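Peer 1: One structure follows; several queries about it will come next.
The values are calculated or read from the model by the stated rules, or taken from the named source; none is laboratory data. Computed from a prediction, not measured in an experiment: that's the story for all the values here. Note that we place each Cβ from the backbone using ideal geometry, even for glycine, and neighbour counts take in every protein chain shown. When the accessible area is computed, the model is the full protein with side chains, heavy atoms only, and any ligands, DNA or RNA have been set aside. Shrake-Rupley method; radii C 1.70, N 1.55, O 1.52, S 1.80 Å.
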Amino acid sequence: MEGVTQTFQIKTRDRKYIGFEDTEAETQWQGAFTFIQAADTQLGLQEKYIEKKTNPGWEKEVKWCTQMVTKVNKMNPAPKFLVICGDLIDAYPYERNGEEKETRQHQENDLKMVLSELQIPLVCVCGNHDVGDTPTAKTILKYQSSFGDDYFSFWCGGAYFLALNSQFWQDRREVETLARAQDEWLEAQLLYIEQHKPRHSIILQHIPPFIDTIDEPSQYFNLPSYIRQEMLDRFITAGVRYVFCGHYHRNAGGVYNGLEVIVTSAVGAQLGTDVNGYRVVNVMEDKVVHCYHGVE
Ligand SMILES: [Zn+2]
């Protein structure tokens, strides 16, 4: 596995994505382009949670991820990047026992092996399984050393993207200082968007603010209702119109005051009736449209 993980490179530094720089080529609108939004590759969930096997493996997720990579590599013109909106692998980062730690490392290695075949830039966003349901300074650090910054921004083709750590809104008890740092960074980013007025401003995160409607009650699969409206109102004022998410393992979403929340089903295990898949997103001059595709 050693040779394999060497080919996987961390692509963020100082809260920026390396490869999409603030040059004219990326900050100015150059015409329509495509990117791929995937979520919940989550190696290990299918046999552990869905099939409840005694010795769960993750060959199925490896197969689905490989199918996605193969299909995306064949796309012409090539998409600008592929983003995985969290829950990259299933095993939690807590070190409750050695076995768990070992499983996580194996899942991480296998995911990186598959993704190393991807011929376009890979953008990783963290989910609750990546930083823990209750993140700690240690689990965040572990994530950063494996996959890069837990939140960052980048320009791409005249659109501005914010990748966020949504777990800070779900449970910040152990990481109050780190969560507040993201809040401050995010506010500065929103001011930057107000100033620079990108053609499109798009947010990428794991947990959806809501699944169907702004006024739905809080539950496992959405963000707490008490922060939801204020957060989205702030996004809208800044000029953000699209929030792409995962976590739900089903396709869903809705519109609130002109801001669209897009919830994309999993590359990995399904909790509903969707097929394993990913979303092809077309960024056009006046709008962003998207379509879900199966990996097969
Ligand atoms: Zn999740």
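Peer 1: Sticking with the crude label model, points 7 Å out along Cα→Cβ, report the distance from Asn55 to Glu95 in nm, one decimal please.
Peer 2: It is 2.7 nm.
Peer 1: Right, next: Could you name the aspartates and glutamates in cross-link range of Lys71, using Cα to Cα under 16 Å and dropping any fewer than eight places away on the same chain?
Peer 2: Within the straight-line limit of under 16 Å, Lys71 reaches these aspartates and glutamates: Glu61, Glu117, Glu296.
Peer 1: Let me ask you something else. Restricting attention to the range 172-237, which trypsin sites (Lys or Arg not before Pro) occupy a DSSP loop and are surrounded by at most 10 other Cβ atoms within 10 Å?
Peer 2: Sparse-neighbourhood loop trypsin sites (Lys or Arg not before Pro): Arg173.
Peer 1: When each pair of different Cα atoms in the range 180-255 is counted once in the 1/r mean, what is the Kirkwood radius in angstroms, to one decimal?
Peer 2: 13.2 Å is the Kirkwood radius here.
Peer 1: Let me know the charge dipole size of the chain about its Cα centre in debye, to the nearest 20, where only the beta-carbon of Lys, Arg (+1) and Asp, Glu (-1) is charged.
Peer 2: Around 380 debye, computed over the chain.
Peer 1: Leaving ligands and nucleic acids out of the surface, order Ser146, Ser116 by accessible area at 1.4 Å, largest first.
Peer 2: Ser116, Ser146
Peer 1: In nm, to one decimal, how far is the Lys74 label point from the Thr213 one, both placed 7 Å along Cα→Cβ?
Peer 2: 4.2 nm
Peer 1: I'd like the chymotrypsin sites (Phe, Trp or Tyr not before Pro) in the range 155-247 restricted to DSSP loop residues with at most 16 other Cβ atoms within 10 Å, sorted by number. Please report the intermediate quantities before stating the final value.
Peer 2: Numbers: sites: Trp155, Tyr160, Phe161, Phe168, Trp169, Trp185, Tyr192, Phe210, Tyr220, Phe221, Tyr226, Phe235, Tyr242, Phe244; in loops: Phe210, Tyr220, Phe221.
When the chymotrypsin sites (Phe, Trp or Tyr not before Pro) of the range 155-247 are filtered for loop state and at most 16 Cβ neighbours within 10 Å, Tyr220 remain.
Peer 1: In addition: So what is the diffusion coefficient of the range 14-294 in µm² per second by Stokes-Einstein at 20 °C and 1.002 mPa s, using a Kirkwood Rh over Cα pairs? Present the calculation step by step, with values, prior to reporting the outcome.
Peer 2: Values: Rh = 18.8 Å.
Estimated diffusion coefficient is 114 µm²/s.
Peer 1: I'd like to know which of Tyr192, His106, Thr7 lies farthest towards the positive end of the charge dipole of the chain, counting +1 on Cβ of Lys and Arg and -1 on Cβ of Asp and Glu.
Peer 2: Farthest towards the positive end: Thr7.
Peer 1: Whole Å is fine, so just give me how far the alpha carbon centre of the range 99-148 lies from that of the range 81-97.
Peer 2: 5 Å
Peer 1: Turning to a different aspect of this structure: So, taking all protein chains as they sit and a 1.4 Å probe, how much accessible area belongs to Met113, in Å² rounded to tens?
Peer 2: 70 Å²
Peer 1: Gain in length, Thr177 to Leu271, computed as 0.36 nm per residue apart minus the alpha-carbon separation, to one decimal in nm?
Peer 2: 30.4 nm
Peer 1: Relative contact order (percent) for the chain, with alpha-carbon contacts under 8 angstrom and 6 or more residues of separation?
Peer 2: RCO, the chain: 23 percent.
Peer 1: In the neighborhood of Glu59, defined by Cβ-to-Cβ distances under 10 Å, what is the net charge if each Lys or Arg adds +1 and each Asp or Glu adds -1?
Peer 2: Details: positive: Lys60, Lys63; negative: Glu47, Glu61, Asp110.
With Lys, Arg at +1 and Asp, Glu at -1, the neighbours total -1.
Peer 1: Once the Cβ-Cβ distance between Gln28 and Cys291 is put in as r, and R0 is 25 Å, what FRET efficiency do you end up with, to the nearest 0.05?
Peer 2: Working: r = 26 Å, r/R0 = 1.06.
For R0 = 25 Å, the calculated efficiency reads 0.40.
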